[in-house]
Structure formats: structure tokens, C-alpha cells
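To start, the structure itself, in C-alpha cells.
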Amino acid sequence: MRGYYRQRGFHGGGAGSAVLGLIIANAAFFLLQGFVPGFTNALALTPHLVREELKIYQLVSYMFLHGSFIHIFFNLFVLYMFGRELESIWGTGKFLAYYFFSGVGAGVITALMTDYPVVGASGAIYGLLLAYGLTFPNRRLLLWFIIPLKAKYAVILFGAIEFFLSMTGAQDGIAHLTHLGGMIFGGLLMAIWRMKGAQTQKRKDSYLDELGGGAISPGNVDRILDKVLREGPESLTDDERDILIRAGKFYRQKDR
């Protein structure tokens with residue numbers, strides 16, 4: 001991940017357990033790379049070995065290796081800055097599922113479409129950037145510590161840059177296709193989650209309407225509550241009071 005980011009208006013606290021664990025694991029692997037001969041070559045993503053010898057584990061192991069201190073520093077910096085807030089709203093399990101889905105997906109695209117070895121968590125990191133931009137689209141960032149830009153535009157900018165550079169085959173030692181693959185797989189998982197969420201909400205609303213018989217449906221209850229706010233509780237009819245009582249019992253029972 002080659003870039004500098006700074007957030008404005010960031011509300012997260014310390015790193016979550018997943019983010020902290022990933023930082024520690026990446027740092028440990030980086031140390032092993034310097035002290036264990038052959039460690040990097042064995043665990044780097046080598047496309048022809050994945051395709052021909054089915055060394056599938058490399059689709060995961062490459063994410064914990066890095067080519068230099070600058071490489072790992074900026075990947076972990078972005079992981080800390082953006083990942084901790086995503087983990088706080090998603091939870092640890094969902095965050096890790098997204099992180100590895102993006103990183104492994106980026107590895108799959110790399111293994112299928114290139115022949116050069118790749119190391120680094122950048123595929124997963126670019127997936128996190130996409131998720132952050134979709135989750136907090138209007139959050140302002142200072143790109144490269146200089147350029148103020150909303151998160152959604154930063155995602156579009158980096159996606160466009162990686163697409164262009166991957167299509168032109170830029171020989172700059174950076175795995176642009178891997179970065180793009182992380183965004184593609186991250187976007188795919190986000191879309192699946194949103195579709196499932198919409199379907200679940202639709203079933204829930206239908207369920208509430210059906211069980212409520214219409215009278216205690218969310219829309220009708222909201223209408224009565226709005227009336228209370230406007231005109232006070234004394235304005236309610238006996239039927240409206242009865243509906244609120246029935247709705248309260250229904251929702252308490254549903255939440256048990």
C-alpha cells in the first residue's frame with residue numbers, strides 16, 4: 001500500500017482485537033523474513049506454484065509478508081487508521097471475514113492473471129479502503145497529509161489509478177492488479193451483505209405487518225407516536241392507546 005492517509009473527524013478509540021492481532025502477526029512475519037532463510041520464498045504468492053502445484057496456502061500467507069519496512073509500515077498504518085473503526089461497527093468476526101475475503105480474492109486474481117511473485121497485505125488493505133469509503137462516504141480525509149478529500153472520492157481516485165496502472169502494465173514493482181483485486185472482492189462482499197440485509201429487513205417488515213394485523217405495524221405506530229409528539233398523549237383516542245399497548249407487548253415479546 002503506497003500512500004499516506006490521515007483522517008479528520010475520526011471517532012475510533014484503540015485498535016480492536018482483530019486489528020491488533022493482524023498488526024502483531026504482520027510484524028512477527030516481517031521479523032521472521034529477516035532471520036529465517038527461505039521463509040519469504042516459501043510463503044510468497046508465486047502464481048505458477050499456486051496454479052500448477054496447488055500451493056493454495058500462499059493465497060493467505062502472502063498477506064503477512066512484506067518487501068521492506070516502508071511497505072509494511074504504510075500497510076499497517078492504513079490498517080490501524082481505517083480498520084479499527086470498521087471492526088468497531090462490524091464486530092471482530094465480520095471484520096476478519098471481510099479482510100481475508102478481500103486479501104485472498106486479490107491473491108486469486110493475481111495467481112490467475114500474472115506470473116510474478118507477490119507479497120504484502122495491500123489487497124486486503126485496498127478492500128478496507130473501499131469498505132471505509134462506502135461506510136463513511138462523506139468522512140473527510142487528508143490524502144497524502146495534504147489534499148482534503150471525502151472518503152468516497154478517495155476510493156474512486158485510488159480505484160481508477162490502480163485500474164489504469166494494472167491495464168498499462170506499469171513496471172514499478174507494485175502489484176497494482178492485486179490492489180484492484182482486493183477492491184473488487186471487497187466490493188463483491190459488501191454488495192452481498194447489503195442485498196442480504198435488504199432481504200432480511202424486507203422479511204422482517206412483512207413479518208411485523210402480518211403478525212401485527214396492520215394496526216400495530218411500524219407505520220401505524222409511528223403515526224400515533226408522531227401525534228403524541230405534536231398534540232400530547234391526551235389527544236389519543238381509546239383505540240390509539242390500545243394500539244400502543246398492544247405494540248409494546250408485541251415488541252417486548254419479539255425481543256426476548
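Summary table below
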{"quantity": "Residue ID - modelled with the lowest pLDDT, chosen from residues in the range 99-119 that are within 27 Å of Tyr80 (Cβ to Cβ) and out of contact with any helix residue (DSSP H, G or I) (no Cβ under 6 Å at 6 or more places or on another chain)", "calculated": "Pro117"}
{"quantity": "Every residue from the range 43-55 that is surrounded by 13 or more Cβ atoms within 10 Å (Cβ to Cβ) and without any contact (Cβ under 8 Å) to a residue 12 or more places away in the chain", "calculated": "Leu49, Lys55"}
{"quantity": "Number of the condition not met by Lys94 [criteria: (1) free of Cβ contacts under 8 Å to residues at least 60 places away in the same chain; (2) in contact with a helix residue (DSSP H, G or I) (Cβ under 7 Å, 6 or more places away or on another chain); (3) closer than 19 Å to Leu188 by Cα]", "calculated": "(2)"}
{"quantity": "Spans of helices (runs of 4 or more DSSP H) in the range 50-147 with at least 2 residues β-branched (Val, Ile, Thr) and under 14 Å from His179 (Cβ atoms)", "calculated": "92-113"}
{"quantity": "Selection status of Gly16, modelled with pLDDT of 95 or more, on the phi < 0 side of the Ramachandran plot and buried (at least 18 other Cβ atoms within 10 Å of the Cβ)", "calculated": "no"}
{"quantity": "Residue match in the range 93-107 (condition: closer than 21 Å to Thr46 by Cα, aromatic (Phe, Trp, Tyr) and either outside the structural domain of Gly38 (by TED's automatic domain parsing) or surrounded by fewer than 22 Cβ atoms within 10 Å (Cβ to Cβ) (or both))", "calculated": "yes"}
{"quantity": "Residue under evaluation Arg84, criteria (1) under 20 Å from Leu20 (Cβ atoms); (2) of a type in the set (Lys, Arg); (3) without any contact (Cβ under 8 Å) to a residue 12 or more places away in the chain, criterion not met", "calculated": "(3)"}
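The values are calculated or read from the model by the stated rules, or taken from the named source; none is laboratory data. Remember, it's a predicted structure, so these values are computed and weren't measured experimentally. Note that we place each Cβ from the backbone using ideal geometry, even for glycine, and neighbour counts take in every protein chain shown.
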